[in-house]
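Data first, discussion second: the structure below is written as C-alpha cells.
All of the numbers you see were taken from the coordinates with simple rules; none came from a lab. Being a predicted model, the structure only gives us computed values, none of them experimental. Please note: Cβ atoms are built from the backbone with ideal geometry, for glycine as well, and neighbour counts cover all protein chains shown.
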Amino acid sequence: MIRVPEVRLIGPTGENVGVVSTYEAMRIARDAELDLVEVAPGANPPVCRVMDFGKFLYERAKKEREAKRAQTHIEIKEIRLRPKTNEHHRSFKTRDARRWLLEGNKVKVTVRFRGREVSYPELALEDLRDIAQELSDLSTIEQAPALEGRMMSMLLTPAKPGKRKGEAQPQAKPAEEKEEEVEN
C-alpha cells in the first residue's frame, strides 16, 4: 500500500508520466490492468512503476536460477600419503591428481605421520616438493607445505590456461616476414 500523497510515475510502456497523485497513479494502473509498484521509496517523491508484478517476480527468479547454474563449483580432492610411501604408489596418486587438476579441481596433498615419523618432517617436505614439481606444468601452489599436528599438507590449484608451462606459446613472426609486411 502506497501512503504518500503524490508519486513520480513510470507508465506501463516505460515512459515517464511525471509527478501525479497516488489516486491518479492507481487509476492508470487499474485501466492498464497492471499493478502499481513502488520501485524507489527513498526518492522525493517516491518513484512508482505500472507493471505486472507477478511477471516481474517470475523473471527475477528465472535470472537467479540462470546465475546459479552458471556458477562454477570447484571441489577440493585429497591425496593422502605417508613418509614411507614408495615411488611406485606415489606415481598412482600423482596421476589421479593430474586428472583432477585437468578437470579444474583443487588438490590437497597430505602426508600423515605415525609414531616417531613426526620427528622427520623433512621427508614429507621432500615428497611434497617432488609432487609439486611433477605437477608444476598444470598447477600452482596455493598453500605452501605446512605442518599441522601430525599432518603436513599443501594445496595445488589448476594453473590458468595461458600460464601453463608445458604448452607452446604462439611464436612471434620472423624478422623477414615483418619486413615484407612493412614494404607492402
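What to note about this one:
- Taking all Cα pairs closer than 8 Å and separated by 6 or more residues, the relative contact order of the stretch 76-161 comes to 33 percent.
- In terms of overall dimensions, the C-alpha atoms belonging to the chain reach 82, 70, 26 Å along their principal axes, ordered largest to smallest.
- Cross-link pairs exceeding 31 Å between alpha carbons, from the set Lys55/Lys77; Lys63/Lys160; Lys62/Lys108; Lys63/Lys108: Lys55/Lys77; Lys62/Lys108; Lys63/Lys108.
- Test item: Cα-centred dipole of the chain, Lys/Arg +1 and Asp/Glu -1 on Cβ, debye: 1380
- Each residue of the stretch 59-68 was assigned a 3J(HN,Hα) from its phi angle through the Karplus curve 6.51 cos²θ - 1.76 cosθ + 1.60 (θ = phi - 60°); the sequence is 5, 5, 5, 5, 5, 5, 5, 4, 5, 5 Hz, with glycine and proline shown as x.
- Between Arg27 and Glu59, the FRET efficiency estimated from the beta carbon spacing at R0 = 25 angstrom works out to 0.45.
- Amide H contacts of Glu78 (H built 1.01 Å from N, under 5 Å, at least 5 apart or other chain): Lys108
- Among residues other than Glu148 with Cβ under 13 Å from its Cβ, the summed charge is +3 (Lys and Arg +1, Asp and Glu -1).
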